[in-house]
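Bear in mind that the values in this text are calculations on the coordinates, not laboratory data. From a predicted model like this one, the values you see are computed outputs, not experimental measurements. Please note: Cβ atoms are built from the backbone with ideal geometry, for glycine as well, and neighbour counts cover all protein chains shown.
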Amino acid sequence: MIDEAIARLGYRLRGMVGRPRMDLPLLGALLLLMGIGLVTLYSASDLDRGQVLAQALRLLLGLAFMFAIARVPPLVLRNWTPWLYGASVLLLLAVALLGEGRGAHRWLDLGILRFQPSEFLKLSMPMMVAWYLNGRPLPPGWATLAVVGILILIPAALIAEQPDLGTALLVAASGAFGVFLAGLAWWRIGALLAAAAAAVPIGWQFLHDYQKNRVLTLLDPEADPLGNGWHIIQSQIAVGSGGIWGKGWHRGTQSRLEFLPEHTTDFIFSVFAEEWGLVGVLLLLALYVFIIARCLWIAASAKDTYARLLAGSISMALFVYVMVNGGMIAGMLPVVGVPLPLMSYGGTSAVSILAGFGVLMSIHAHRKRGAG
Amino acid sequence: MAGLRFRRRHRSAISWRGGAAKRMKEAHQEAALFRRRAVAGFLLIVLALTALSLRFAWLQIDRHDEFRARSEANRVLTRPLPPARGLIYDRNGVLLAENVAAFRLEVTPEQVADMAAMLQALARVVPIGEDDVARFNNLRKGKRSYQSVPLRMKLSEEEIARFSVNRWAFPGVEVVPYLTRSYPLGAEFAHTVGYVGRIDSEDLTRLDKGDYAGTTHVGKTGVEKYYEERLHGTPGYEKVEVNADHRPLRVLDRVAPQPGQNLFLSIDINIQEAGEAAFDGRPGSAVAIDPRNGEVLAMISVPSFDPNLFVNGISHADYAALLAAPGKPLMNRVLRGNYIPGSTMKPFVGLAGLETGIRKPGDTILSVGEFHIPGQSRGYRDDVRGGHGRVDLVQAIAQSVNTYFYSVAFDMGIDRFSEVMGQFGFGRPTGIDLVGEGSGVLPSREWKRGRFNQPWYPGETVIAGIGQGYWVVTPLQLANATAMLAGRGLRHTPRLLREVQRGIGDAPEREPAPPPEQVVHREGDWLAVERGMIEVVKSGTARGIDRDFPYTIAGKTGTAERYSRTDETWTSISTSAIERHQVLFEAFTPAEDPRIAVIVALEAGRSGGRDAAPIVRRMLDAWLPGDLEREAGRNAATASAAEPAG
């Protein structure tokens, strides 16, 4: 009886993982990344087992989401897309009207569960753009571009208003990648970028003071060493003092002596860079590049335009996370609250990122025959 | 949903009509376009991440030395070195507050695996109270886990020995020496010297963070609070290099703290102790002041409490016991005790009559046993039925003739009365160098308006003339007024701080006193009052108090009813005379050249002469030897100075 149950369970597990549903290289890379993340978190939290366990449970929850979504065919996802998008924009509106959160209105409290609706957009935004572009004549013209622009700008503006500029940029980027991958002509991209550059001085007026400060601090962190510049300076000290080979695991003084703020969440990359040095950083970036490349390969072998664009956008959005977070801790980009995917401590981002990989796994499982 | 699906199908149907081949071709083109874009995107990504990698390489290779140095600098901790608190002495150099070395148990939470189990096991070796654990847990919250936290203060030698034997079983627990404040004379100076206590959240809002870095205690009451700034000193600091576990490796730089100033109070412990003994536990208070300069020689408030209990946090049980104790030991009677002055006010009323010109020293009044306000039937009584006959000021004070003072107050009117009495220092804090002084009550039109919102009645002026009615004085006010009388009309601000020693080995410097104020201007005025007070001791209510005393004593008794006769309590309480009266005595000596003024107030007694005056005499006896010695020294000095000249 029990043997039978175990055998059945084993069969089902094989069914979930072993069959070509899952892309095993990608799954392996993700598990490796999560392992590195937990080891780094164990050091960054100063050997706090409770924090590591909590994060491990969140990752497991995210993996469960990933496996669940991987079983849903892309066609079903495509049919759900407008509804998901509409619902997440409505939730954003609800947050704008009655949300709560310290300083920023990002959270929606549903009694038993509180969440950030902007996380949903990280998935529903590229889905919506892919849905809209699917079946349109490609490469897109100005008219198509205008509709996509509206689809992107409404939620992005709502999120920026919360204010959460980092997430707004991520969401907008994941939508824009869809248009890029759909083959928008280079000269149109050039024109759009030029227009965006011209709009920067106007957009500057709409930034909050603290957001302006973060940008200004980037230009001269030493001007305000105990205020805004603190994060940038201490993070660079952590990274730079790591050297080529690093100080070794749990030997990073910057985070242990609590000079480094937020060292388990947004700044966990600094801890990693301090303890593992340039070698560790390059290997970690290589791992991310491998994951992105594998995702793009999955996208290229997808069955239809919707799946292709969706998978491509998700892969490229992953790059934005890594670039914005890495640029921040290396003092190249302003301090924006963007987590390092699957490394930073925190539940919502882990779950939403793994859900994205679930979509990729689903697309992989339902790919064109003969490709791969 | 159905509608959307329908439109999609409709659209694909249209493209199918265009032919399957064309559709297939388009799909192939789209896929090819996507692949080109994906490759382009991937190249851009690699480009951007290469830039990021170069940035990391620049930080971690080119600028590595710079950042390593800055990271090292982050490992240097600046530790404050708290200054030793200044000591407090009496005028003879007897230590009233000192710093003693003590030992406490400190726990480093990081090194304890199971705190609850450890505390339980430790409690079997060294007694640890619930209060200790509660305070320990409170302190822990504000500290990092590698910082040690005090658990039990003031270990006895036996406890240290017992712990040392079992020390191996308690990693992370250490016996640490520290300096703690101690008051060797205990309760005797609790109300004067006060005590220090742990810095609490309210103190934190007041104190300078830099000056108090590393300091755990701050003056809470008495001299400890008033002179906090002088006693505290200046902290030093130490720059230490720490390893990653925060263990100090070596000291890089050290600036020594400057200890606080040592304070010498004007208090004479001999007078203080004699007075304390003479009270014999009866609730009350006494103050002795040098009328020449306002120096407070003794300050007694009975009952008192042990200030040492408060230094390291008083236990709930001890505090509850003090609050419930009879006689309110925590109350400072000298500063805040409210007494009805009664007849002790008469010399001041008489003096006010002379000062305002209402009376001349020789003017007489006929006492017939009752005083009437013209046109009113109510009589204000004398103590003697039938009256004292015709009396002048000297006789009026000596025999405590109410009628004389009724008439003086009535003729003066309440406004002038309260103005002159206010100049003598009643109705407002004296300005002594202590915190929390009460004001008493000086009867006046404004006070009554403010307190009861009622107009003033002439009868209230009459009874104010004998120190009854609304009058309330603090012992310090009465003592300071008596010193003013003894000091020939010069009112000094009473002072406790006499000398200050700024550094180790420095000679104590005299603390400058604020200038006195001349409140009585004609010599004949205070001489007349003084003659009356000498008579009180020679033949009046304090007769015999100067037996075998070498100097002439001038004094005045006061015996005030604690309850008004119309009060219901009057009949309900036991009617023994002792419980009915507050008794007071004010005195100064030598009458010719006053060098000490004393007042004693007892909350229950038979009369001022019988119960309060003997305490004053015991304090004067304690003062006398020192005075005789100083006078002999002074005479010798003037003699030797005079000889070569003569």
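At a glance:
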| item | result |
| --- | --- |
| Cα gyration tensor shape for the range B:145-184, rounded if a/c is under 1.5, else prolate or oblate | oblate |
| Taking B:F405, B:F585 and counting other C-beta atoms within 10 Å, the order from fewest to most | B:F405, B:F585 |
| Of B:K220/B:K328; B:K141/B:K220; A:K303/B:K22; B:K209/B:K239; B:K154/B:K328; A:K247/B:K239, those spanning more than 21 Å from alpha-carbon to alpha-carbon | B:K141/B:K220; B:K154/B:K328; A:K247/B:K239 |
| Gyration tensor (Cα) of the range B:269-636, equivalent ellipsoid semi-axes in angstrom | 33, 26, 20 |
| Residue-averaged beta-carbon neighbours from other chains (10 angstrom radius) around B:24-34 | 5 |
| Packing-based ranking, highest mean first, of A:231-239, B:232-240, A:71-79 given that Cβ atoms within 10 Å are counted | A:231-239, B:232-240, A:71-79 |
| Folded to 0 to 90 degrees: helix B:115-125 orientation relative to chain B principal axis, Cα | 40 degrees |
| 5 angstrom amide H check on B:E517, placed H, neighbours 5+ away | B:R491, B:H492 |
| Sorted by Cβ density within 10 Å, fewest first, the residues B:I267, A:I244, B:I534 | A:I244, B:I534, B:I267 |
| Chain A: C-alpha gyration tensor shape, a/c 1.5 cut-off, then a/b vs b/c | oblate |
| Helix-only mean residue ellipticity at 222 nm for chain A, each DSSP H run of n ≥ 4 adding -39500 (n - 2.57), per residue, nearest 500 | -23500 deg cm²/dmol |
| Local net charge near A:A185, Cβ-Cβ under 13 Å (Lys/Arg +1, Asp/Glu -1) | +3 |
| Under Karplus coefficients 6.51, -1.76 and 1.60, residue-wise ³J(HN,Hα) of the range B:46-61 in Hz, glycine/proline x | 4, 4, 5, 6, 5, 4, 4, 4, 5, 4, 4, 4, 4, 5, 8, 10 |
| Mean projected area in nm² (Cα convex hull; one quarter of hull surface) for the range B:39-194 | 18.1 nm² |
| Prolate/oblate/rounded call for the range A:74-207, Cα gyration tensor, a/c under 1.5 rounded | oblate |
| Computed [θ] at 222 nm, helices only, for chain B once each DSSP H run of length n ≥ 4 contributes -39500 (n - 2.57) | -12500 deg cm²/dmol |
| Summed residue charge, Cβ within 13 Å of B:E460's Cβ, Lys/Arg positive, Asp/Glu negative | +4 |
| Set of lysines near B:K556 by C-alpha distance (under 18 Å), chain-local residues within fewer than 8 positions excluded | B:K346, B:K538 |
| Per-residue mean of C-beta atoms belonging to partner chains within 10 Å, peptide A:276-288 | 3 |
| Average beta carbon contacts from partner chains per residue of B:70-80, 10 Å cutoff | 4 |
| Which of B:E603, B:E446 has the fewest Cβ neighbours within 10 Å, and the rest in rising order | B:E446, B:E603 |
| Calculated log₁₀ intensity ratio I(q)/I(0) where the Debye formula runs over C-alpha points of chain B, q = 0.08, 0.09, 0.10, 0.11 Å⁻¹ | -0.73, -0.86, -0.98, -1.10 |
| Rounded tilt (10° steps) of B:613-645 against the dominant C-alpha axis of chain B | 80 degrees |
| Whole-number D in µm²/s for the protein assembly as shown (Stokes-Einstein; Kirkwood sum over Cα pairs; 10 °C, 1.306 mPa s) | 43 µm²/s |
